[in-house]
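The values are calculated or read from the model by the stated rules, or taken from the named source; none is laboratory data. Please read these numbers as outputs of a predicted model, since none were measured by experiment. A quick note on method: Cβ atoms are made from the backbone with ideal geometry, for glycine too, and the neighbour counts reach across all protein chains shown. Heads up: the accessible areas ignore ligands, DNA and RNA and are worked out on the full protein's heavy atoms, side chains in. Shrake-Rupley method; radii C 1.70, N 1.55, O 1.52, S 1.80 Å.
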Amino acid sequence: MLDRFKNFWQGVVLAPIVDLFVRWGISPDLVTLIGTLGVSAGALVFFPQGMLLTGVLVITAFVFSDLVDGAMARKTGRSSAFGAFFDSTLDRIGDGAIFGGLVLYFAGPGDSYLYTCLTLYCLVMGAVTSYARARAESLGMQAKGGIAERADRLVAILVMTGLGALFDQPWLMLLTIWALALANTETVVRRVLMVRRQALAAEREGRAEAP
């Protein structure tokens with residue numbers, strides 16, 4: 001859903017930053033690394049202390065690196081297989097840090113066993129969502145789709161956590177966690193069924209072509 005706005009952010013809003021970093025000769029991979037470290041620090045330092053709004057603001061300041069590095073790579077012609085791999089790998093670390101920080105919050109100052117478990121479920125299922133697609137593509141099949149794409153998950157939890165902390169309405173974050181748990185489940189199940197259909201179709205085709 002949110003990927004449609006990527007070109008606007010990269011080509012308009014963040015273009016001056018991209019141009020500046022290119023002039024300075026900064027590597028896109030370095031931007032990726034610094035962004036991931038910033039996101040991880042914001043989540044794992046502030047969330048466990050109950051400083052949810054501060055954590056969201058710090059994370060937001062660094063999360064745009066995910067758009068900046070890609071635009072830099074294309075502008076400088078430095079797009080590479082390693083860069084794509086490095087970016088995707090560090091994305092998983094950043095995602096894990098955000099939900100891991102919330103797990104620590106609910107295990108500490110948030111004091112809720114239910115939401116500790118539910119947020120941990122979101123963390124695991126978010127990783128499974130990405131793995132299912134990557135594994136399917138490695139087998140020559142497609143497993144893209146579902147209502148819990150990575151960008152949607154991150155924006156939803158960050159916006160609602162920040163608004164909940166700002167206006168002292170924690171139910172916004174709690175409701176979002178429930179919604180993400182359901183959305184993650186739907187997405188994983190959909191991708192498994194999608195791959196199953198493709199695998200069965202390939203098997204039928206193989207039997208039909210066999211002498």
Could you give the nm distance between label points at TRP24 and ARG196, where each point is 7 Å from its Cα heading toward the beta carbon? 5.0
With the crude spin-label approximation of a point 7 Å out along Cα→Cβ, what separation in nm comes out for LEU37 versus GLN49? 1.9
In sequence order, calculated HN-Hα J values of segment 29-43 (Karplus, 6.51, -1.76, 1.60; Hz; x Gly/Pro): 5, 5, 4, 4, 5, 5, x, 5, 5, x, 4, 5, 5, x, 6
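Quote the convex hull volume per residue of the chain, based on C-alpha atoms, as a whole number of Å³.
Working: hull volume 27.4 nm³, N = 211.
In the chain, the Cα convex hull volume per residue is 130 Å³.
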With an 8 Å Cα cut-off and a minimum separation of 6 or more residues, compute the relative contact order for the chain in percent. 21
Taking the Cα centre of the chain as the origin and placing charges on Cβ (Lys, Arg +1; Asp, Glu -1), which of THR161, LEU53, VAL189 is farthest toward the positive end of the dipole? VAL189
Taking max minus min of the Cα coordinates of segment 89-211 on each principal axis, largest first, gives extents in Å of 68, 24, 23
Summing +1 for each Lys or Arg and -1 for each Asp or Glu, what net charge is found among the other residues whose Cβ lies under 13 Å from the Cβ of GLY50? -2
Per DSSP H run of at least 4 residues, take -39500 (n - 2.57); add these up for the chain, divide by its residues and hand me the 222 nm value, nearest 500 deg cm²/dmol. -25500 deg cm²/dmol
Report the charge-dipole magnitude of the chain in Debye, nearest 20, computed about the Cα centre from +1 at each Lys and Arg Cβ and -1 at each Asp and Glu Cβ. 520
Can you work out the accessible area per residue across segment 101-211, with the rest of the protein chains kept in place, probe 1.4 Å, in square angstrom? 57
If I compute solvent accessible area with a 1.4 Å probe over the protein chains, what percent of it on the chain is carbon and sulfur? 68
